[in-house]
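Chemist: Structure provided below as structure tokens; questions to follow.
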Amino acid sequence: MNNAQFYYARPQNEPVLEYKKGSPERKTLEAELKRQSNIQVEIPLIIGGKEVRTGNTGNVVMPHDHQHVLATYHKAGEKEVRMAIDAAMEAHLQWAEMSWVERTSITLKVAALISGKYRAVMNASTMLGQGKNAYQSEIEAACELIDFIRFNAHYVSDIYNDQPHSEIGNLNRVEYRPLEGFVFAVSPFNFTAIASNLALAPAALGNTIVWKPSTTSLLSNYYLMKIFKEAGLPDGVINFIPGSGSMIGDIVLKDKNLGGIHFTGSNNTFNNIWRAVGNNLEHYRSYPRVVGETGGKDFVMVHPSANVDEVATALVRGAFEYQGQKCSAASRAYIPKSLWEETRQKLSENIAMIKQGDPRDFCNFVNAVIDEKAFDKIMGYIEKARDSKDAEVIIGGNGDKSKGYFIEPTVVLTKDPHFVTMEEEIFGPVLSIYVYEDDDFEKTLELVNNTSPYALTGSIFAQDRYATVKACQTLRYAAGNFYFNDKPTGAVVGQQPFGGSRMSGTNDKAGSYLNLLRWINPRTVKETFTPPTDFRYPFMHEEKCYR
Ligand code: NAD
């Protein structure tokens, strides 16, 4: 086996199961939802492969029924954070020196386990703990997570295969070392797949990880740790430490062995992390790699030639799937006056059909937002729209947090294209709309480009190809993922590498080889077969050149 040259071919994307009534996958998922609803899990820290209980605990609850405790979790203290760093550093050499094919076999086994045996476990824990319906969970906690792993195996093959040219007489090689130090993976609540990838992608390249999961996604993230172990991930490669972000960040970001940060979350948290790295530069052995994907204020720009049915459907799905809690959610739309009345009517009809509630009822398209803090923040934006003379809440606008954190799909119409809900990330089921004069298409493109500090995703809807091309040019830097006649959400691994720039992050494109390049520290090794034994140049071999 040592002599085998290995290459992982480009995989197929994991098929999305449909969960139709009576289907085998539906029955298995319903049974697992019931099982997880009837137990309370205890979530320890996992450091160096060992379960650690601190006794300082918190609860994981259902967002749609906040009195229902799904799990209790132990919070890391300063001691455990340092233990996790030590465990990662201890595991580093052995993991880095393990053949990459063996490392990849472990990650591919994780994918195989989630594709089969644990698909329902991952979906049920994501549905109950993070408040997703079955489809929203299936596309990411199963399919995207599996795709990240399988496509990364393929990209790792490509990276390791890329070797420099050698002239006759010498041999040049590039050794793709992992970073010197550990990687700090910090994950958001809203995607189980992202949490997995933030830790596993650098690990696939030989790095060891201190992983700080989000408190509101702990149930699915803990099951993930158990699956990593079952797949054969050695102790200490990924160390799982729930707890306070600022306390954990404060210790980890000062550590001299910090090799890199793999972050996804809000712009504000990423700015704090970046600042801390700047302030700690003199403590580090190497400049840490800083990779962060942050927020969005994603737009849908509609040209007068667009098809209204397509626009209305994209707005409903783009803005309200997973309650708008996607970094890519459509949150501001620009509609030409000539299409506005029809768009408004179709939007109202569609939204009126939406059922909202517990994800265990498969009829519910919209569920609850993640927690009380999010609920209050989102309702605060809706109140601002209600109170303003420049804005009007034309659909929805009500919230109720008595049992779960439910907010109706809400549409705000504003006369002011710079109204706060057109500019700031709300991260909830709120779509803001600005209606423009048809003749102002190009001026409105400039407005879209200059309205928000973010640049994550955006769409243009048009049948007129000149308009599409114009939008694509003017909005070149307004989105890292740009869509023609499609909603701005739902990027698929291997098909639409994901990430944005400006204040949306470092645009290192999760789910592509570009991201993996950040987790290696290449060393070039040159060997000369017959080293020279005379320092002089050939033209110096004349008598007069000697002293
Ligand atoms: P968040 O910023 O509140 O938290 C993210 C993580 O950072 C959590 O685990 C949190 O505990 C941790 N954290 C907080 N302060 C920290 C500190 N000082 N040091 C270290 N870690 C710290 O984000 P969230 O609410 O969990 O997620 C929603 C945000 O994530 C939205 O802004 C969304 O747009 C963004 N997001 C972006 C992408 C993308 O690919 N661009 C994908 C998903 C989510």
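Chemist: Show which lysines lie in cross-link reach of residue 377 when reach means a straight Cα distance below 17 angstrom and same-chain residues fewer than eight apart are skipped.
Modeler: Candidates past the 8-residue exclusion: 297, 326, 401.
Chemist: Near the amide H of residue 209, under 5 Å away, which other amide H atoms are found, from residues 5 or more places off or on another chain, if H is placed in the peptide plane?
Modeler: Excluding prolines and chain starts, which carry no amide H, the hits are 183, 238, 239.
Chemist: Also, quick follow-up: How much accessible area per residue does the stretch 461-547 have, counting only protein heavy atoms and a probe of 1.4 Å, in square angstrom?
Modeler: About 65 Å² of surface per residue is accessible.
Chemist: With a sphere of radius 14 Å drawn around the Cβ of residue 471, what net charge do the other residues whose Cβ falls strictly inside it have (Lys, Arg +1; Asp, Glu -1)? Don't jump to the answer; show the numbers that get you there.
Modeler: Values: positive: 443, 465, 470, 476; negative: 440, 442, 446, 464, 486.
After counting each charged neighbour, the total is -1.
Chemist: How far is helix 145-161 tilted off the main Cα axis of the chain, in degrees rounded to 10, range 0 to 90?
Modeler: Its long axis makes an angle of about 30 degrees.
Chemist: Starting from the Cα of residue 390, step 7 Å toward the Cβ, then list every residue of the stretch 432-458 with an amide N under 14 Å from that point.
Modeler: Those under the cut-off are 433-435, 451-452.
Chemist: Ordering 143, 472 by accessible area with a probe of 1.4 Å, largest first, what comes out?
Modeler: Sorted by accessible area, descending: 472, 143.
Chemist: Let me ask another. Can you tell me the orientation of helix 78-97 relative to the chain, as the angle in degrees between its alpha-carbon axis and the longest Cα principal axis, to the nearest 10?
Modeler: So the inclination is approximately 50 degrees.
Chemist: Follow-up question, since we're still on this one. Could you pull out the GluC sites (Glu not before Pro) across the stretch 436-468 that fall in loop regions by DSSP (anything but H, G, I, E, B) with no more than 14 other Cβ atoms inside 10 Å?
Modeler: Those that pass, being in a loop and sparsely packed, are 437.
Chemist: Quote the FRET efficiency, to the nearest 0.05, computed for residue 93 versus residue 523 with a Förster distance R0 of 25 Å and r equal to the Cβ-Cβ distance.
Modeler: 0.95
Chemist: Working from Cα positions, state the angle (0 to 90°, nearest 10) between the long axis of helix 308-320 and the longest principal axis of the chain.
Modeler: So the inclination is approximately 70 degrees.
Chemist: Then there is this: By how many nm would the segment from residue 418 to residue 398 grow when fully extended, if each residue of separation counts as 0.36 nm and the alpha-carbon distance is taken off?
Modeler: Answer, rounded to one decimal: 4.9 nm.
Chemist: In nm, to one decimal, how far is the residue 174 label point from the residue 501 one, both placed 7 Å along Cα→Cβ?
Modeler: Reported label-point gap for residue 174 and residue 501 is 2.2 nm.
Chemist: Please list, in order along the stretch 226-233, the HN-Hα scalar couplings obtained from phi with the Karplus expression 6.51 cos²θ - 1.76 cosθ + 1.60 (θ = phi - 60°), rounded to whole Hz, x for Gly and Pro.
Modeler: My calculation for the stretch 226-233 gives 5, 5, 4, 5, 4, 6, x, 5 Hz in order.
Chemist: Could you look at the stretch 406-547 and say what percent of its accessible area is carbon and sulfur, using a 1.4 Å probe and all protein chains?
Modeler: Result for the stretch 406-547: 52 percent of the exposed heavy-atom area is carbon or sulfur.
Chemist: Assuming 0.36 nm per residue, please report the length gained on full extension of the stretch residue 235 to residue 250 beyond their Cα-Cα distance. Mind showing how you got there, number by number?
Modeler: Working: separation 15, 0.36 × 15 = 5.40 nm, distance 2.45 nm.
Between residue 235 and residue 250, full extension yields an extra 2.9 nm.
Chemist: Looking at the stretch 117-153, which trypsin sites (Lys or Arg not before Pro) are DSSP coil and have at most 12 other C-beta atoms within 10 Å of their C-beta?
Modeler: The qualifying sites are 117.
Chemist: Just in the stretch 512-547: which GluC sites (Glu not before Pro) are loop by DSSP and have at most 12 other Cβ atoms within 10 Å?
Modeler: 542
Chemist: Same structure again: Semi-axes, largest first, in whole Å: what does sqrt of 5 times each Cα gyration tensor eigenvalue give for the chain?
Modeler: Over the Cα atoms of the chain, the ellipsoid semi-axes are 43, 31, 22 Å.
Chemist: Using the beta-carbon distance between residue 534 and residue 286 and R0 = 35 Å, what value does 1/(1 + (r/R0)^6) give for FRET efficiency, to the nearest 0.05?
Modeler: 0.35
Chemist: Say the cut-off is 27 Å between C-alpha atoms; which of 109/526; 132/509; 21/132 go over it?
Modeler: As for pairs spanning more than 27 Å Cα to Cα, those are 109/526.
The values are calculated or read from the model by the stated rules, or taken from the named source; none is laboratory data. A quick note: this is a predicted structure, and the numbers were derived from the prediction, not measured. Heads up, the Cβs are rebuilt from the backbone with ideal geometry, glycines too, and the neighbour counts pull from every protein chain shown. What goes into the accessible areas is simple: the full protein's heavy atoms, side chains included, and nothing from ligands, DNA or RNA. Shrake-Rupley method; radii C 1.70, N 1.55, O 1.52, S 1.80 Å.
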